[in-house]
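K.L.:
So that we are looking at the same thing, I have put the structure below in structure tokens.
The values are calculated or read from the model by the stated rules, or taken from the named source; none is laboratory data. The structure displayed is predicted, hence computed values, not measured ones. Because the Cβ atoms are built from the backbone with ideal geometry, glycine has one as well, and the counts that use them run over all protein chains shown. With ligands, DNA and RNA removed, areas are computed over all heavy atoms of the protein, side chains included. Shrake-Rupley method; radii C 1.70, N 1.55, O 1.52, S 1.80 Å.
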Amino acid sequence: MKATTENLDLIDRYLEQRKLDFLDYKLEIKDHIASQAEDLCEKQNINFEDALPKVLKEWEPSLILKSSIWISNKNSFPAIVISGIKKRYLIYNSIILPVMIVFFVLQFIFKNEIENENTGKLLFIVSTSLSLLLSVLRYFTFRSNYQTSYSYEFIRIYKMAIMFWCFDMMFYYNSGITTILFKAMVVTYFPIAIYSFFKHKQFQNRVINL
């Protein structure tokens with residue numbers, strides 16, 4: 001038995017009650033619940049309305065609200081969201097840490113070259129350009145009518161990148177010396193932010209094109 005529009009709306013309301021606001025998770029879990037309920041209808045020869053509560057019961061542990069410093073120290077999220085974002089952050093950090101170590105070593109090996117005025121200007125232009133581009137993308141996420149876990153990640157990463165750019169500016173104007181470390185943080189966070197932004201756009205377009 002195929003799920004009707006009313007059945008899918010019921011699943012939507014259930015997920016909203018569980019504070020599953022991220023569009024990407026909501027779409028994926030909604031599809032899983034509907035498919036499981038349809039399968040149960042065939043196996044037990046029951047209608048969708050009887051199958052759905054049984055499936056939702058199985059999903060309850062994954063949708064229990066929890067808090068995590070990985071995501072926010074103020075808000076709670078369903079357990080499945082926290083688990084998924086933790087996995088992403090582990091992947092991101094496994095990329096960021098080695099890159100930062102490399103930049104840290106380069107800071108000392110090429111200290112004279114980095115502190116050269118022309119090099120400093122070039123690094124400034126690169127980090128500032130990337131920060132400006134991220135700011136433009138941040139504006140588009142602000143204008144978006146949808147929130148995904150990827151837009152949430154993008155905003156967090158954007159704030160980190162801008163923070164390091166500001167630290168770099170303050171360090172330069174206070175000491176007159178440019179440092180590659182803060183600029184490296186902007187450069188390192190940039191591709192992850194871009195990835196998160198375009199994943200967000202994919203889910204947004206998926207809903208718009210339905």
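K.L.:
Can Q147 be described as touching a residue at least 60 places away in the same chain (Cβ under 8 Å) and in a helix (DSSP H, G or I)?
P.N.:
Considered against the rule, which asks whether it is touching a residue at least 60 places away in the same chain (Cβ under 8 Å) and in a helix (DSSP H, G or I), Q147 comes out as no.
K.L.:
Still on this structure: Taking K87 and the conditions (1) surrounded by 18 or more Cβ atoms within 10 Å (Cβ to Cβ); (2) within 26 Å of Y146 (Cβ to Cβ), which numbered condition does it fall short on, given that it satisfies the others?
P.N.:
(1)
K.L.:
Pick from L15, L56, L27: which is in a helix (DSSP H, G or I), open to solvent by less than 30 Å² (accessible area, probe 1.4 Å), modelled with pLDDT of 90 or more and touching a strand residue (DSSP E or B) at 6+ places or on another chain (Cβ under 9 Å)?
P.N.:
Just a single option satisfies the conditions, and that option is L15.
K.L.:
Evaluate the following for D39: is it modelled with pLDDT under 90, surrounded by fewer than 18 Cβ atoms within 10 Å (Cβ to Cβ) and more than 24 Å from the chain's Cα centre (by Cα)?
P.N.:
For D39, the condition - modelled with pLDDT under 90, surrounded by fewer than 18 Cβ atoms within 10 Å (Cβ to Cβ) and more than 24 Å from the chain's Cα centre (by Cα) - is not met.
K.L.:
Cβ contacts < 8 Å: first residue closer than 19 Å to Q147 by Cβ, restricted to region 3-22; second residue open to solvent by 70 Å² or more (accessible area, probe 1.4 Å), any location; separation 6+ or different chain. Result?
P.N.:
Between residues of region 3-22 that are closer than 19 Å to Q147 by Cβ and residues that are open to solvent by 70 Å² or more (accessible area, probe 1.4 Å), the close pairs are R18/L65; K19/L65; D21/Q147; F22/Q147.
K.L.:
For region 106-122, state whether one or more residues are in a helix (DSSP H, G or I), under 30 Å from M169 (Cβ atoms), open to solvent by 40 Å² or more (accessible area, probe 1.4 Å) and at pLDDT 75 or above.
P.N.:
yes
K.L.:
Kindly indicate which of K159, K183 is basic (K, R) and either at pLDDT below 90 or farther than 30 Å from N75 by Cβ (or both).
P.N.:
Step by step, each of K159, K183 is checked, and only K183 is basic (K, R) and either at pLDDT below 90 or farther than 30 Å from N75 by Cβ (or both).
K.L.:
Which residues, counting only those in region 195-207, are touching a Phe, Trp or Tyr at 6+ places or on another chain (Cβ under 9 Å) and either open to solvent by 100 Å² or more (accessible area, probe 1.4 Å) or not basic (K, R) (or both)?
P.N.:
Selection gives Y195, S196, F197, F198, H200, Q202, F203, Q204, V207.
K.L.:
Any chance you could count how many residues in region 130-161 are among the aliphatic types (A, V, I, L, M) and open to solvent by less than 40 Å² (accessible area, probe 1.4 Å)?
P.N.:
5
K.L.:
Restricting attention to region 66-84, and to residues there that are without any contact (Cβ under 8 Å) to a residue 40 or more places away in the chain and part of a helix (DSSP H, G or I), which single residue is surrounded by the fewest Cβ atoms within 10 Å (Cβ to Cβ)?
P.N.:
S83
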